[in-house]
Amino acid sequence: MRIALLADGSLGHVRRWGRWFAERGHEVLLLSFQDVAGCPFHARLLRRLLPTDLLACAAAAPGVRRALGRFRPDIVNAIYAGGYGFLGALSGARPLVVTTIGSDMLVDYPSSAAHRAQIRFALSRAALVTTDAAVLTRAVIGAGVPRSKVIEAVMGIDESVFYPPDAPPAGLVIASTRNLHPIYDVKTLVDALSDPFWPPGASTIICGDGPERAALES
């Protein structure tokens, strides 16, 4: 299968996603405005001709259309509903899958009419929308996507790295790796520490940093 990705090439999960398919014999092409150096499959850096994301996508759409025409993909996956999803829709990519990853629907979409317009346009042109959480599924349905066009696929755990130990640990350790921003709601975890049903003897590690740190510490 020939798979085209429109996504941020600097992100580790985008590279893992593309590499997984490439290692299984599929032809993968990544088109990205961000760094693609060292990408483990074929990738092309898009020129950012105009300063804002909206204008940059509009200016890049003809070139992306030509690149996709040469590559002849069986499927185009735009990762992030705003920006790359918008670019995929503008370029006429077919069939287009838009993958939402959180802040596109939960932060960008409610932030302004311009964001809502471009995200709705991208979602309306998608043959399929994928989400990784129920809250995102509700958000894309609220943006007008029929439930029949949404696949909710929760990200799993790499069992070659994380697996049950041969012997149970002495105490339960719960780690949060999220940054301390409102969207990640680390406050719910902190509030749970005083819950009478919290496992006795459990310890908690909060690894992230961010603007909510002082409030969470207090």
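General remarks:
- Within region 163-185, restricting attention to residues that are within 19 Å of Ala202 (Cα to Cα) and of a type in the set (Val, Ile, Thr), the residue that is least open to solvent (accessible area, probe 1.4 Å) is Ile174.
- Taking the criterion of being out of contact with any Phe, Trp or Tyr (no Cβ under 6 Å at 6 or more places or on another chain) and part of a helix (DSSP H, G or I), the residues of region 83-93 that qualify are Tyr84, Gly85, Phe86, Leu87, Gly88, Leu90.
- Residues within region 195-218 that are of a type in the set (Asp, Glu) and either open to solvent by 100 Å² or more (accessible area, probe 1.4 Å) or touching a residue at least 60 places away in the same chain (Cβ under 8 Å) (or both), tallied: 1
- Single unsatisfied condition, Ala117 versus (1) over 19 Å from the mean Cα position of the chain (by Cα); (2) within 27 Å of Trp20 (Cα to Cα): (2)
- Tabulated pairs, region 176-194, first closer than 13 Å to Ala215 by Cβ, second open to solvent by 80 Å² or more (accessible area, probe 1.4 Å), C-beta under 8 angstrom, 6+ apart or interchain: Leu180/Asp209; Leu180/Pro211; Leu180/Arg213; His181/Pro211; Val186/Arg178
- The criterion of at least 1 residues that are surrounded by fewer than 16 Cβ atoms within 10 Å (Cβ to Cβ) and in contact (Cβ under 8 Å) with a residue 60 or more places away in the chain is met by none of the strands (runs of 3 or more DSSP E) falling completely within region 5-82.
- Taken as a whole, the structure leaves Gly142 outside the set of residues that are surrounded by fewer than 24 Cβ atoms within 10 Å (Cβ to Cβ) and on the phi > 0 side of the Ramachandran plot.
- Strands (runs of 3 or more DSSP E) fully within region 103-218 that include at least 3 residues being at pLDDT 95 or above, within 24 Å of Asp53 (Cα to Cα) and among the hydrophobic types (A, V, I, L, M, F, W, C): none found.
- Of all residue pairs spaced 6 or more apart or on separate chains, none has beta-carbon atoms under 8 Å together with a first member in region 147-170 that is farther than 18 Å from Leu128 by Cα and a second member that is of a type in the set (Val, Ile, Thr) and open to solvent by less than 90 Å² (accessible area, probe 1.4 Å).
- Hits in region 114-128 - residues which are crowded, with 19+ Cβ neighbours inside 10 Å and in contact (Cβ under 8 Å) with a residue 40 or more places away in the chain: Gln118, Ala122, Leu123, Ala126
Here's the yes/no breakdown for (1) touching a helix residue (DSSP H, G or I) at 6+ places or on another chain (Cβ under 9 Å); (2) closer than 16 Å to Ala81 by Cβ; (3) not charged (D, E, K, R):
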{"position": "Ser112", "(1), (2), (3)": "no, yes, yes"}
{"position": "Arg125", "(1), (2), (3)": "yes, yes, no"}
{"position": "Ala143", "(1), (2), (3)": "yes, yes, yes"}
{"position": "Pro164", "(1), (2), (3)": "no, no, yes"}
{"position": "Ser176", "(1), (2), (3)": "yes, no, yes"}
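- Taking the conditions (1) open to solvent by 40 Å² or more (accessible area, probe 1.4 Å); (2) touching a residue at least 60 places away in the same chain (Cβ under 8 Å) in turn, Ala134 satisfies each one other than (2).
- Qualifying residue in region 81-96 (condition: more than 16 Å from Gly9 (Cβ to Cβ) and of a type in the set (Ser, Thr, Tyr)): yes
The values are calculated or read from the model by the stated rules, or taken from the named source; none is laboratory data. All values reported here derive from a predicted model rather than from experimental measurement. All Cβ positions, even for glycine, are placed from backbone atoms using ideal geometry, and neighbour counts span all protein chains on display. Accessible surface is based on the protein model in full, side chains and every heavy atom, while ligands, DNA and RNA are left aside. Shrake-Rupley method; radii C 1.70, N 1.55, O 1.52, S 1.80 Å.
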